[in-house]
Amino acid sequence: MAANYRYWCGECSYRTPWLTESRGAATQARHYARRHARTVPGGRVEVRAKRTEGGGCVWLVAVLFLVLLLASTCRQEARSAPAPEPCGTCAVR
C-alpha cells in the first residue's frame, strides 16, 4: 500500500511520518492519548500529491521547434537558389 498520508497534531508540532490512511489515523490517536489525554483528536491531514509523468509539454515544444527548424531550413534553400538565365529565344530585355 502507498504511504500517502501524514497527520498533524492540532495541539503541538507533532506530525506522523508518511503512512497509510488507517495507520496514520491510529498513530495520531495514540499521540493524543499520550500527550493530550482530555482533548479530542484534531489537526489536519496532509495528502501527498501524486507524481505525474513530466515532459508532456516538453515533447510538444520539441516537436514545434523541429517543425520550425525544418521550415526555416527549406525557406533558406529556396531563397539561395540562383535566378534563371534568360534564353536567347525569349523576348526578355
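Put a dot 7 Å past the Cα of Arg44, heading toward its Cβ, do the same for Val63, and the two dots end up 3.9 nm apart. In this label model, Glu85 and Ala25 are separated by 9.0 nm, measuring between points 7 Å along each Cα→Cβ vector.
At a probe size of 1.4 Å, how large is the accessible area of Glu21, to the nearest 10 Å²? Per-residue accessible area (Glu21): approximately 100 Å².
If you sort Tyr32, Tyr14 by accessible surface, 1.4 Å probe, largest first, the order is Tyr14, Tyr32.
Could you calculate the contour length gain from Arg51 to Ala37, that is, 0.36 nm times the residue separation minus the distance between their Cα atoms, to one decimal place in nm?
1.3 nm
Take Cys57: with every protein chain present and a 1.4 Å probe, its accessible area is about 100 Å².
The values are calculated or read from the model by the stated rules, or taken from the named source; none is laboratory data. For clarity, every value in this text was computed on a predicted model and none was experimentally measured. No Cβ is skipped: glycine too gets one built from the backbone with ideal geometry, and neighbour counts run over all protein chains shown. Areas reflect the complete protein model, heavy atoms only, side chains present, ligands, DNA and RNA absent. Shrake-Rupley method; radii C 1.70, N 1.55, O 1.52, S 1.80 Å.
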